[in-house]
Amino acid sequence: MPSAPLDEWLKAHGAHHDLVTWSAAFGSDWSRFWHECPRGDWLLALAARVGVERPRLVLAASAAARTALEGLPESETLPRAALDLAEAWARGQASAAACRSRASELERYSPPDPALSAVAAAALSALMAVEDPDSAAGAAANAAQAALFGAGDCALLSLLSYAQRETADRVRQHLPFEAVGALIGSAGAPE
């Protein structure tokens, strides 16, 4: 395990700024960082950078990508099949050539639903980690994005409505109507 502070090590190894910034609080305590890290994509990026054995990395990326399959219709078989193949490769039961071929299929797959596209991207990232360890982090990042895109419109509208109400209430705390009402007429607004 490197003895350098995490943020310095990560920066030197090309990690994204958000990960470098967040990791600074951990100093050189890699174990604590690992156990407290809130994001799978950061963990997979670190695992790739420290050289975790590729089969284990692919299994971890596939497990992260599988979280996106929950809302996947049964008729959408390509992402699930891609993850099955990546896991088979990790167990020594499939070839890298078969993974490349399936990855090409996934790259051409273009569902109109952004949630399905994110699921496919998660599966593709896990599958590409067979040959490119830096792709592993995309499995978790895209799975999280699939969850976001898969949230029902009602849930998003409720969240938006709540946020709008909350901001309005806070504005009113600092700007009661009396402070604004007196200015309305002088601002050229209709009376």
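The values are calculated or read from the model by the stated rules, or taken from the named source; none is laboratory data. This is a predicted model, so every value here is computed, not measured. Methodologically, a virtual Cβ is constructed for each residue, glycine included, from the backbone with ideal geometry; neighbour enumeration extends over all protein chains shown.
Details
- Looking at region 1-105, the helices (runs of 4 or more DSSP H) lying wholly inside it that each contain 3 or more residues that are of a type in the set (Gly, Ala, Ser) and in contact with a helix residue (DSSP H, G or I) (Cβ under 8 Å, 6 or more places away or on another chain) sit at 40-50, 54-66, 78-90.
- Among the residues of region 113-141, the one identified as over 23 Å from residue 97 (Cα atoms) and surrounded by 24 or more Cβ atoms within 10 Å (Cβ to Cβ) is 140.
- Residue 10 closer than 20 Å to residue 127 by Cβ and outside the structural domain of residue 130 (by TED's automatic domain parsing): no
- For the residues 104, 110, the requirement of being surrounded by fewer than 17 Cβ atoms within 10 Å (Cβ to Cβ) and closer than 16 Å to residue 72 by Cβ singles out 110.
- Top-ranked residue of region 48-101 - restricted to ones that are of a type in the set (Val, Ile, Thr) and surrounded by fewer than 20 Cβ atoms within 10 Å (Cβ to Cβ), ranked as modelled with the highest pLDDT: 77
- Single residue of 74, 87 found to be under 18 Å from residue 150 (Cβ atoms) and without any contact (Cβ under 8 Å) to a residue 40 or more places away in the chain: 74
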